[in-house]
Structures are given as C-alpha cells and as structure tokens.
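Report on the following structure.
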Amino acid sequence: MPILFVGYIISYLDRVNVGFAKLQMMGELKFSDGVYGLGAGIFFLGYFLFEIPSNIMLQRVGARVWICRVLVTWGVVSACTALVRKPLEFYAVRCLLGIAEAGFFPGMILYLTYWFPSHRRGKMVAVLLAGSAVSGIVGGPISGYILHYFAGSLDLAGWQWLFILEATPAVILGIVILFFLEDRVANANWLSPQEKAVVVAEINEEAVAKTHNTISSVLASPRVWLMGLIFFGIEMGSYAIGFWQPTIIRLTGVKDAFNIGLLTMVPYTFALISMILFGCHADRTRERRWHVVVPSIVAALGFALCTQAGSSTTVAMIALTMAVVGVVSAIPMFWALPTSFLGGTAATVGIALVNCTGNLGGFLSPAIIGFLKDYTGTLNSGLFLVSGCMLASAILIVALVPAKLVNR
C-alpha cells in the first residue's frame with residue numbers, strides 16, 4: 001500500500017500540474033483559456049482509448065512489470081511538455097501523456113481486488129486515493145515554489161522546470177516497483193502459508209457471489225454503463241478542481257504563484273481527513289450508496305458557491321474546500337459500487353470500462369469550462385454545469401442503484 005500510495009500521488013500530480021503551469025505558460029505562449037482547457041482535457045482521450053487494453057496487459061504480464069512500464073513512460077512524456085511552443089504541440093503531448101498513463105488507476109483498483117475482500121476494500125481504496133489529497137497538499141506549494149524560484153534558471157521558464165522536476169519521481173518509482181511490488185498474495189514473502197491461505201480463501205468465497213464474471217456480461221450490463229455515467233458526473237467535478245483551482249484562487253486577487261500553492265493545501269488537508277473517515281465508516285457499517293451521495297451533494301454546493309466568490313478569497317476557499325472534500329471523499333467510495341458485483345475476467349474489463357467512460361468527464365470538464373470562460377468572460381457557467389453533474393450522479397445512485405447490490 002505505501003508503494004501504491006506514492007504512485008498515486010505522483011500520478012495525480014503529473015496529470016494536473018498543468019493547472020499550475022497555466023499561471024505562467026499561457027502568458028508566455030499566448031494560449032487562450034479555450035486552448036488550455038482543450039489541452040488539459042485531451043489527456044483523457046488517449047486515456048480512454050488505451051485504458052482497457054492496458055488493464056488486460058496488466059492481468060497478463062503482472063502488476064509489477066506493467067506498472068513499471070506505465071510510470072517510466074509517463075514520466076518521460078510529462079517532462080517533454082517543457083518543450084511545447086504551439087497549441088498543436090500542447091494537444092499532442094497531453095494526448096500522449098494520457099496514452100502513457102492509461103491503465104494505472106484502474107490497474108490499481110483491479111490489483112486491490114487480488115488482495116482485499118470488499119468489506120475491507122473501501123478503506124484500502126481510500127488509502128490509495130488519499131494520494132490525490134496528499135498530492136494537493138504537497139504538490140501545490142512545491143509547484144508554486146518551482147514557478148516562483150526556478151524561473152530563468154539555465155534559461156528555462158518556471159513552468160518548464162515544473163514539468164521536468166515533477167516528472168522525475170515517476171521514473172524513479174517505476175524502477176522501485178519493478179523490484180519490490182508483488183503481483184499476488186502467493187508471492188508475498190511477509191505472509192506465512194497459513195496467512196496466505198486465509199486471504200485467498202476469503203477472496204475466493206466472495207468471488208462466487210459476484211454477478212458479472214465474463215466480458216460479455218460486462219458489455220451487455222446496464223449496471224456497468226450506469227456506473228460509468230455516475231462516475232462521469234463525479235469526474236466532471238474532480239478535474240474542474242484539478243485543472244482550475246489555481247485559476248479560481250488567482251481570480252480573487254492572489255497573484256503570487258507560491259501563495260496560490262499554499263492556499264491549495266487547505267481544501268486538500270480537509271479532504272484527506274474526510275476521505276479516510278468516510279472509508280472507515282463505510283467499511284464498518286458496510287453501507288456504500290450514501291457514502292457516495294452525501295459527498296457528491298456537498299461538492300455540488302461547493303461548486304455553486306464558487307460562483308459567488310467574486311474578489312473574496314475567503315468565500316472562494318470555503319467553496320473550494322466543500323468542493324474538494326466532496327469530490328475526494330466520493331471517488332474512493334464510488335469504487336466500492338462496481339467492484340461489489342464485478343468478478344473474474346469481468347473485473348479486468350469492467351473496472352477499466354467504468355473508469356474510462358467516467359474519465360470522459362475529465363476531457364469535457366476542463367474543455368467546456370475553458371470554452372465558456374472565453375465565451376462569457378467568467379468561470380460561472382462552467383462551474384454551475386459541474387455542480388449539476390455532481391448532483392445528477394447523486395440522484396442516479398439513489399434512484400437506480402439497489403442497496404442490496406452494493407452494501408456488503
């Protein structure tokens with residue numbers, strides 16, 4: 001879990017650090033908000049196309065080898081973003097980054113099903129996804145520091161140093177994973193034979209009760225597509241935060257990149273506490289639906305409140321804290337829903353299908369917010385749209401996801 005946790009910190013940072021780079025690169029490269037939004041979101045087109053094949057490869061060659069490949073490749077591509085000069089180059093490198101990173105997150109969710117039964121998995125997924133909150137806590141100040149203090153070093157701009165320095169840990173961790181990550185319980189040398197037998201027996205017993213075990217059952221299942229639609233709404237909120245939070249803070253009058261980075265620590269600190277508490281409570285009560293619904297509603301209210309911030313940094317921070325706490329808490333709880341009925345080969349394809357369908361929200365969210373910002377001059381219409389998507393996901397869960405299907 002510590003290795004996966006660090007990996008997710010790096011993953012989240014490398015895909016959203018463009019939100020901080022935007023503070024400098026847009027002025028230097030003369031990019032509009034629309035160009036930035038499309039470039040930020042186009043990451044998810046490459047991610048969408050290659051996610052299912054990547055998850056299948058992980059199952060075939062093992063997590064250790066495949067996750068190493070994913071990390072090293074995306075580290076190299078992310079560093080190459082420093083070479084961008086034109087919009088088409090920006091679009092190309094963001095798409096390649098999505099292709100390189102495809103399969104990392106759904107691969108981790110699949111990997112956890114090999115080690116933990118569902119009644120423990122909520123907590124473990126929360127631990128894994130705490131990496132996004134920790135990434136926000138440490139990544140904001142680090143990104144702001146790099147932008148502020150590295151600008152001009154060796155004739156490189158601060159945003160170029162940002163991509164180079166923050167890509168390096170991915171390559172290093174990829175090599176660590178190759179040597180230290182175990183593919184299955186049977187390979188874990190820290191467990192005794194008796195302990196291995198207990199874990200394997202519990203996971204096998206649970207697998208018998210799962211309703212989707214073949215690829216055809218996944219593709220034909222309305223439940224799986226419903227999960228993708230619900231996750232789409234949640235991801236609309238997730239990447240509105242990831243790609244636009246620094247801009248929202250700057251619009252209140254905070255100009256220094258380092259100060260903006262420090263302020264982003266606040267919402268993510270509360271989110272880290274919230275998601276761990278939600279994960280523990282969900283596992284203890286074995287209730288899943290409302291542990292997704294309540295945070296989604298809180299996030300929807302936060303995004304709506306962001307539109308009222310104006311020049312008030314205080315109002316903006318309260319609103320962003322609500323949005324970040326809601327989104328970050330909802331995502332790990334959401335993954336307890338599809339993994340409760342996906343098993344066998346179906347889990348490989350089903351998890352990737354739900355994730356890549358939902359992650360189309362990661363493409364649409366920054367792209368449409370950027371377009372509406374250029375068209376209307378404010379972020380308000382885009383933020384209201386994201387708020388509505390979060391609320392729609394909550395309604396779909398209450399209306400269409402039976403409690404008996406997912407509460408275990």
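Cβ-Cβ contacts under 9 Å between residues 6 or more apart (or on different chains), taken from a first residue in segment 30-59 that is farther than 28 Å from Pro246 by Cα to a second residue that is at pLDDT below 90 and hydroxyl-bearing (Ser, Thr, Tyr), are listed as Ile52/Thr348; Asn55/Thr348; Ile56/Thr348; Leu58/Tyr111; Leu58/Thr348; Gln59/Thr345; Gln59/Thr348. Are any residues in segment 69-87 more than 30 Å from Lys30 (Cβ to Cβ) and touching a Phe, Trp or Tyr at 6+ places or on another chain (Cβ under 9 Å), and if so, which ones? Correct list: Val70, Leu71. Restricting to segment 355-380, name every residue that is on the phi < 0 side of the Ramachandran plot and surrounded by fewer than 16 Cβ atoms within 10 Å (Cβ to Cβ). Matches in segment 355-380: Asp374, Tyr375, Thr376, Thr378.
With respect to the stated conditions, Thr81 fails to be surrounded by fewer than 24 Cβ atoms within 10 Å (Cβ to Cβ) and of a type outside the set (Phe, Trp, Tyr).
Rundown of residues vs (1) among the acidic types (Asp, Glu); (2) in contact with an Asp or Glu (Cβ under 7 Å, 6 or more places away or on another chain); (3) buried (at least 18 other Cβ atoms within 10 Å of the Cβ); (4) over 20 Å from Tyr239 (Cα atoms), yes/no style:
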residue: Ser11; (1), (2), (3), (4): no, yes, yes, no
residue: Ala21; (1), (2), (3), (4): no, no, yes, no
residue: Gly27; (1), (2), (3), (4): no, no, no, yes
residue: Ile42; (1), (2), (3), (4): no, no, yes, no
residue: Ile52; (1), (2), (3), (4): no, no, yes, yes
residue: Thr73; (1), (2), (3), (4): no, no, yes, yes
residue: Lys86; (1), (2), (3), (4): no, no, no, yes
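Kindly provide the set of residues from segment 246-269 that are surrounded by fewer than 19 Cβ atoms within 10 Å (Cβ to Cβ) and closer than 16 Å to Ala323 by Cβ, ordered by number. Across segment 246-269, the qualifying residues are Leu251, Thr252, Met265, Val266, Thr269. Helices (runs of 4 or more DSSP H) fully within segment 151-262 that include at least 3 residues being of a type in the set (Gly, Ala, Ser): 158-180, 193-208, 222-250. Val138 falls short on exactly one of the conditions (1) under 16 Å from Ile9 (Cβ atoms); (2) not in a helix (DSSP H, G or I), and that condition is (2).
So that you can scan it fast, the table gives a plain yes or no per residue for (1) in contact with a helix residue (DSSP H, G or I) (Cβ under 8 Å, 6 or more places away or on another chain); (2) more than 30 Å from Leu110 (Cα to Cα); (3) among the polar types (S, T, N, Q); (4) at pLDDT below 90:
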{"site": "Leu13", "(1), (2), (3), (4)": "yes, no, no, yes"}
{"site": "Met26", "(1), (2), (3), (4)": "yes, yes, no, yes"}
{"site": "Asp33", "(1), (2), (3), (4)": "yes, yes, no, no"}
{"site": "Phe44", "(1), (2), (3), (4)": "yes, no, no, yes"}
{"site": "Tyr47", "(1), (2), (3), (4)": "yes, no, no, yes"}
{"site": "Pro53", "(1), (2), (3), (4)": "no, no, no, yes"}
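With the structure loaded, tell me whether Gly388 is crowded, with 16+ Cβ neighbours inside 10 Å and in a helix (DSSP H, G or I) or whether it fails that test. Here the answer is no, as Gly388 does not meet what is asked. Within segment 265-280, residues that are in contact (Cβ under 8 Å) with a residue 60 or more places away in the chain reach partners that are of a type in the set (D, E, K, R) with beta carbons closer than 7 Å, at six or more positions or on different chains, in the pairs Gly279/Lys123; Cys280/Lys123. Listed by first and then second residue, the pairs with beta-carbon distance under 6 Å, at least 6 apart or on different chains, first residue in segment 299-326 and part of a helix (DSSP H, G or I), second aromatic (Phe, Trp, Tyr) and surrounded by fewer than 24 Cβ atoms within 10 Å (Cβ to Cβ), are Thr321/Phe270; Val325/Phe270.
The residues on offer are Ser365, Ser381, and the sole one that is among the hydroxyl-bearing types (Ser, Thr, Tyr) and touching a residue at least 60 places away in the same chain (Cβ under 8 Å) is Ser365. Residues that are under 18 Å from Asn359 (Cα atoms), assigned to a loop (DSSP other than H, G, I, E, B) and not hydrophobic (A, V, I, L, M, F, W, C) do occur in segment 16-36.
Being among the hydrophobic types (A, V, I, L, M, F, W, C) and surrounded by fewer than 23 Cβ atoms within 10 Å (Cβ to Cβ) is the filter here, so list the residues in segment 281-311 that pass it. Spell out how you get there, then give the answer.
Let us first name the residues in segment 281-311 that are among the hydrophobic types (A, V, I, L, M, F, W, C), namely 282, 290, 292-294, 297-301, 303-306, 309.
Those that are among the hydrophobic types (A, V, I, L, M, F, W, C) and surrounded by fewer than 23 Cβ atoms within 10 Å (Cβ to Cβ): Trp290, Val293, Val294, Ile297, Val298, Leu301, Ala304, Leu305, Ala309.
Of the set (1) outside any helix (DSSP H, G or I); (2) over 16 Å from the mean Cα position of the chain (by Cα), all apply to Ala336 but (2).
The values are calculated or read from the model by the stated rules, or taken from the named source; none is laboratory data. Small disclaimer: the values here were computed from a predicted structure and weren't measured. Backbone-built Cβ (ideal geometry, glycine too); neighbour counts: all protein chains shown.
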